[in-house]
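Below you'll find the structure, written out as structure tokens, and then a few comments.
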Amino acid sequence: MLALASSALAQTRKLKWFGINESGAEFGEGTYPGTYGKHYIWYDYNTIDQFIAQGMNMFRLNFGMERLTPNTLTGAFDQYYLGNLTEQVNYITKKGAYAMIQPHNYGRFYSNIITDTAGFKTWWQNLAAKFKDNELVVFDTNNEYHDMDQTLVFNLNQAAIDGVRAAGATKQYITPEGNSWSGAWTWVSSGNGASLVNLEDPQNKLVYQMHQYLDTDGSGTHAECVSTTIFKERLQAATKWLKDNKKVGVIGEYAGGNNTQCITALQDGLKYLGENSDVWYGALWWAAGPWWADYMYNMEPSSGTAWKIVLPKIKSYFVS
């Protein structure tokens, strides 16, 4: 029944991926390894089921590299943290949805910019080997590189790609991210476009991941949106880049406040993504997780503001 249901839903999709960021396992930044249930939390299977029931088929699983491989990039895994990540991935993918494995580290390890590209390749090769047979896993090289040398950002992305493929994970998508917080609106102006267009994947399964918020500075820290058309406007240069270079992309984070202007802007931008589904695979809301409480973009069922008010007004842009 699950396979039939998934197949039927796939036929009604307007975009390949309709998703959510599950955030909490990366909490307690700077407190390592931290205590589960006090400094960080994993994700609720019941809420994952509720998202799937709404048509979502992509879960971006945020976690911290320092908890997975304490002390060094190339060191042994913490078996408990890896076990929790693996359980999450298996639960989601057995439901027929995608699980994006996403180190939420900003190109840093213990707050230091990662410069050891060989070690970064090894880190990814070791981790990808654990999931190489699961085609519904997606590998996100790292969350929001920023304030880094552009060549280093390129080299880290390429090292991650090389590590994943060296592990024998040949069927999975990989989502490289850019410098400058991987913003769609600055993808071209920041130099990401000129640099990262040269990334190479022997499997040709790269999906460039960009993030886009709708507030004044694009930081996602305000409930107000600039205008009712700001989402679409901030996607246009990146869309042209994707088309011109025969690439595909995904909006890995987006959100807007619970107000009329933001909801209209969200609908306008998602409509634009659908009109350009030849180059955009979809979008993943920021965020959900057990500890988001009264956060303005909280989409955790069933009390989150975005779950109650925003989701009903945007899900039709993903599935019929």
Difference of contour (0.36 nm per residue) and Cα-Cα distance, residue 152 to residue 79: 23.3 nm
Spatial separation of Cα centroids for the range 34-82 and the range 240-269, in angstrom: 26 Å
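Count the net charge of all other residues whose Cβ sits under 11 Å from the Cβ of residue 320, scoring Lys and Arg as +1 and Asp and Glu as -1. Write out the running numbers ahead of the final one.
On the way: positive: 13, 14, 315; negative: none.
Around residue 320, the surrounding residues sum to +3.
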Within the range 294-320, which residues have the backbone N less than 20 Å from the label spot 7 Å out from residue 49 along Cα→beta-carbon, could you tell me? 299-304, 307-308
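How high is the relative contact order of the range 16-55, in percent, with contacts defined as C-alpha pairs under 8 Å that are six or more residues apart?
Relative contact order of the range 16-55: 39 percent.
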Can you send over the solvent-accessible area of residue 135, 1.4 Å probe, protein chains only, in Å² to the nearest 10? 100 Å²
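Gain in length, residue 275 to residue 236, computed as 0.36 nm per residue apart minus the alpha-carbon separation, to one decimal in nm? Walk me through the intermediate numbers first.
Values: separation 39, 0.36 × 39 = 14.04 nm, distance 1.19 nm.
Full-extension gain reported as 12.9 nm.
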If you split all Cα-Cα distances of the range 106-263 into 10 Å bins from zero, what percentages do you get per bin, shortest first? 11, 38, 33, 16, 3
So what's the back-of-envelope 222 nm ellipticity for the chain, counting only DSSP H runs of four-plus at -39500 (n - 2.57) apiece and dividing by all residues, rounded to 500? -10500 deg cm²/dmol
Place a point 7 Å from the Cα of residue 245 along the Cα-to-Cβ direction; which residues of the range 117-151 have their backbone N under 14 Å from it? 150-151
Net charge, residue 264 excluded, C-beta distance under 14 Å - Lys, Arg +1, Asp, Glu -1: 0
Distant-in-sequence amide H partners of residue 282 (H built 1.01 Å from N, under 5 Å): 17, 251
Over all alpha-carbon pairs of the range 17-98, lay out the pair-distance distribution in 10 Å bins, whole %, shortest bin first. 18, 47, 27, 8
Using a 1.4 angstrom probe and counting only protein chains, how large is the accessible area of residue 185 in Å², to 10? 100 Å²
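Using a cut-off of 12 Å between beta-carbons, work out the net charge of the residues near residue 55 (Lys and Arg +1, Asp and Glu -1, residue 55 not included).
Working: positive: 13, 14, 315; negative: none.
It works out to a net charge of +3.
At a temperature of 20 °C and a viscosity of 1.002 mPa s, determine how fast the range 26-182 diffuses translationally according to Stokes-Einstein, using the Kirkwood radius over alpha-carbon pairs as Rh; express D in µm²/s, rounded to the nearest whole number. Don't skip to the end; give the middle numbers.
Details: Rh = 15.8 Å.
Result for D is 135 µm²/s.
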Spin-label proximity, residue 229 to the range 272-289 - amide N less than 20 Å from point 7 Å beyond Cα toward beta carbon: 272-277
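The values are calculated or read from the model by the stated rules, or taken from the named source; none is laboratory data. Only a predicted model underlies this, so the values are computations on that prediction, with no experimental measurement involved. Glycine also receives a Cβ, built like all others from the backbone with ideal geometry; neighbour counts cover every protein chain displayed. Accessible surface areas use protein heavy atoms only, side chains included; no ligands, DNA or RNA. Shrake-Rupley method; radii C 1.70, N 1.55, O 1.52, S 1.80 Å.
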